[in-house]
Every structure is written in structure tokens, then in C-alpha cells.
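Taking it in order: structure first as C-alpha cells, then the write-up.
The values are calculated or read from the model by the stated rules, or taken from the named source; none is laboratory data. Owing to the predicted nature of the structure, the values given are computational and were not obtained by experimental measurement. Glycine also receives a Cβ, built like all others from the backbone with ideal geometry; neighbour counts cover every protein chain displayed.
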Ligand SMILES: Cc1cc2nc3c(=O)[nH]c(=O)nc-3n(C[C@H](O)[C@H](O)[C@H](O)COP(=O)(O)O)c2cc1C
């Protein structure tokens, strides 16, 4: 398939794997890129810039195709050394950076000067327009359904994507709730040039996370995610578990007086425990409503091939077959 995004990113299929903390290691990024999509290494999962440089080198060893690095700007206890991460990305010959959280204005000039394509992921039309204004090449529009941080506007993709299409000049991909050929065709119909998936790519053979995490997502339905940290205006969509229910109880009890320190136990340092050790109740971890559409653990190649052939069938048979004139 050829879209503005496949052309811009030099990939075969308009499918991106969004950055995911403690999931987006070189193994997954390379597998997605080898299957014709764009795999993304999660920058901040690497503790230091030299670690990131090493992860980028490992990814180059596993694929000759383009891949990206995610740089997330979120409130954190100790701010990461972004300039050295940017240097590792540039020196590593990475072609695409996915930015997220705050807009990437502070790092954009360096990335652009190095000829890197910047796709900013955000959750609203106004933030997408800001990204366009400061010179990002594309945006990833993340709807309310998404796993991770959906922002505070709560606009689902059925509205958000056509709104983005009406306003934006730069290309965008649909993110949040995307799982299969139906998602891709719907996203394209609403004006997107492709799709970005997080949760779906966690449940693949190559995702280097504990088997229990994959099984938990397969077992989950669309009713099993919760929104946490809403009172702190740092909303995160996570899969429910005992820690999440405890966290929500604290939010209810403490109300507007809640502070980050009150929920440290449920949110700090959780990812390695869940993703690497399979400690499923260690705390709150991101997961999208799309869990309800995930029922198997394919390879990335099988998943992407299936999405593309399903999309082709939908366009050629179902949609074309409905035409009357
Ligand atoms: C486990 C997990 C961790 C994530 N970590 C990050 C992250 O560190 N940075 C980021 O920009 N997005 C992160 N995301 C968001 C994804 O990149 C993507 O935008 C989102 O998953 C899309 O929604 P979906 O899960 O419905 O596909 C994460 C998502 C998940 C499921």
C-alpha cells in the first residue's frame, strides 16, 4: 500500500509500532520493521544514552529496514538527559523519531538538522496543529481508547480523526484502538495515512516481555481497562489488577488532595516488574481498550500480513461490493 506515510518513512505498509516502556526493545522494533512496518525503540527504557546507542546498534544488527526511536517528555521524578539521548539517536543513524508528551520544540532543531523525520504523537487537534506549526513532519493522533496516556479531553478516534483530517496539512496516522484490517481501513477512511499500534504489538511472538503479560491481554476484554491518575492530570489507561483497584480507592478517598507520593507504590518502578518478571499485580501498566480485540499471539510478520490482506479484502470486496452505481 502507498500512502503519504509509507512514502515519508520509506516503509512498505502504513503501520507503526508506538514506543512502549519496557516493551519497545530492539527485538520488537526489528521484527516490525522486517515485516514492512516501522518498529520503534523506546528511548527512555534505556537508562543512559550509551545504553540507547547500544540498543540502536543491536537493532541495526537485526534489520536493514528503517526503524525509529521514541522520545517521551512526561513529568518524571528526575529529568532524563535529553541532549545525550538525541546525540545517540543522531550518531546511531536513526531515520525517524516519535516524540510524545510535551511538544518536542527543544530537540526539534537538532533532529531536523540531522535529516531525521519527526512524528509527534499527541491526543488533540490543538496539539497536532502545534506540532505542525513547529515543524514536525507528521503526527500520530492518539484517541481516548489508547493504552498509555490519552490526555484529558476524552475524544475517541471516531471524532478525533476526521477533526484532525479537517485541520491538518501534514500527514497523520491513527493511534489508539487499532488492531486489524478493519482498523486500518476505517483509519484511512477518516483521513489518516496509516495507523500506530501499541497494545496489539505487545501480544506478538517477538515482543520481549513476559508470557503472562501477553496471556493477560488475550484474556482481557474491552471492559478491563481503567483510567488512573486522572486527579493528577496525568491520566493513564491501564489494565485493571489488584494494585489498580487499590490506587483507584486511594483516588476516591483522597479526592483533590491526592499527591503523587500517595500512589508511588502503585506507579513507580512498575514496568520492569511486570514486563520482565511477569509480576502481574506489581502496579499500574498501560493497556488499551483494544485488548478486547486481541485473541492470539502471532509473529509480527503474520500480524502485519494479516492486517494488509484483511484491509485489501475489505476495500475490494466488502466496500466495492456495496456500491450500487
Ligand atoms: C505498555 C505500554 C507502554 C507505553 N509506553 C509509552 C511510552 O513510553 N511512550 C509513549 O510515547 N507511548 C507509550 N505508550 C503508548 C503507545 O505508544 C501507543 O500510543 C498506544 O499504545 C496506542 O494505543 P493502543 O494501545 O490502543 O494501540 C505505551 C503503551 C503501552 C500499551
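Structural remarks
- Filter pass, residue 51 being within 16 Å of the ligand (Cβ to nearest atom), part of a helix (DSSP H, G or I), at pLDDT 95 or above and surrounded by fewer than 20 Cβ atoms within 10 Å (Cβ to Cβ): yes
- Qualifying residue in region 96-110 (condition: assigned to a helix (DSSP H, G or I) and touching a helix residue (DSSP H, G or I) at 6+ places or on another chain (Cβ under 7 Å)): yes
- Between 166, 142, 137, 154, the distinction of being within 16 Å of the ligand (Cβ to nearest atom) and surrounded by fewer than 24 Cβ atoms within 10 Å (Cβ to Cβ) belongs to 154 only.
- Filter result (surrounded by fewer than 24 Cβ atoms within 10 Å (Cβ to Cβ) and in contact with a strand residue (DSSP E or B) (Cβ under 8 Å, 6 or more places away or on another chain)) within region 187-216: 190, 191, 193, 216
- Flag for residue 229 being more than 12 Å from the ligand (Cβ to nearest atom), free of Cβ contacts under 8 Å to residues at least 12 places away in the same chain and either more than 27 Å from residue 301 (Cα to Cα) or surrounded by fewer than 15 Cβ atoms within 10 Å (Cβ to Cβ) (or both): no
- Selection within region 15-29 - more than 9 Å from the ligand (Cβ to nearest atom) and surrounded by fewer than 24 Cβ atoms within 10 Å (Cβ to Cβ): 25, 26, 27
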